[in-house]
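Encoded as structure tokens, the structure appears first; notes follow it.
The values are calculated or read from the model by the stated rules, or taken from the named source; none is laboratory data. This is a predicted model, so every value here is computed, not measured. Every residue, glycine among them, receives a Cβ derived from its backbone with ideal geometry; neighbour counts consider all protein chains shown.
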């Protein structure tokens, strides 16, 4: 066993309030999309997300992983997340200073159709949206899957990501990285690499470019969020992992987080509900 990290997805401060008091036509439309929405009276604020994100950060402090990464949709308001962002960062500041937090851009963070302005705002709030880092002999890459989803207003950003991935993964493989892992918000696909396009995944045309690069350089896992439920798919030696949300879940899985254990010869992972995390990180090594 080498080390562990914790993956979070979709804390999405403000989502619960935005879906509260929903009317019947809107409720029906969302349920038709496969979303598990609970009808509740109209509310405001983000007490729902605050309670859950505080539990996640407290668990991280107790478990002391190598790092924590949040795979997108940190806030719900696509245009003016100021109050949501303040609460997100208030709680994030309680994460132990010895545990780095890494951020991944989601569609609520850069809008469904990213613009130079929305990307600039993201950079000011969270830092780079495309980057990589190493832990021991493992290499981790963060990309902006919303740009992959719709680069129509920022085509140069899609081209930049492809250039970055090509050179970064090539260099990591050349340097002998034992594991290569990619983090996104949207999973590249849900079942098959050639499945139809949808709002849940990266479109086929650009998905194929990414999958070809992952295959060429030996990426073993893509960890993502976006779907607000757990889902697993495979293509050859690549596993795609969508993790349920820290905030409002939209499927049968509860709010929670994923512990990922990186060994010399493999990567294992398990999802834990917020109310039932392991007592210590060593317990998480006993699965699989």
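Being in contact (Cβ under 8 Å) with a residue 40 or more places away in the chain, touching a strand residue (DSSP E or B) at 6+ places or on another chain (Cβ under 6 Å) and surrounded by fewer than 23 Cβ atoms within 10 Å (Cβ to Cβ) is the filter here, so list the residues in the range 221-240 that pass it.
Residues satisfying the conditions are 221, 230, 231, 233.
Taking the range 77-86 as the region of interest, how many residues are in a helix (DSSP H, G or I) and either out of contact with any strand residue (DSSP E or B) (no Cβ under 7 Å at 6 or more places or on another chain) or on the phi > 0 side of the Ramachandran plot (or both)?
Final tally of qualifying residues: 3.
Hey, among 200, 190, which residue is under 30 Å from residue 15 (Cα atoms), surrounded by fewer than 23 Cβ atoms within 10 Å (Cβ to Cβ), free of Cβ contacts under 8 Å to residues at least 40 places away in the same chain and within 18 Å of the chain's Cα centre (by Cα)?
Result: 200 is the single residue among 200, 190 that is under 30 Å from residue 15 (Cα atoms), surrounded by fewer than 23 Cβ atoms within 10 Å (Cβ to Cβ), free of Cβ contacts under 8 Å to residues at least 40 places away in the same chain and within 18 Å of the chain's Cα centre (by Cα).
Just give me the residues in the range 223-275 being in a loop (DSSP other than H, G, I, E, B), closer than 23 Å to residue 189 by Cβ and within 12 Å of the chain's Cα centre (by Cα), in sequence order.
Result: 225, 226, 227, 228, 229, 230, 243, 244, 245.
Hey, does the range 11-19 have a residue that's at pLDDT 95 or above and under 25 Å from residue 135 (Cβ atoms)?
Looking through the range 11-19, at least one residue is at pLDDT 95 or above and under 25 Å from residue 135 (Cβ atoms).
When residues of the range 87-127 are filtered for being in contact with a strand residue (DSSP E or B) (Cβ under 9 Å, 6 or more places away or on another chain) and either assigned to a strand (DSSP E or B) or loosely packed, with under 13 Cβ neighbours inside 10 Å (or both), how many remain?
Result for the range 87-127: 5.
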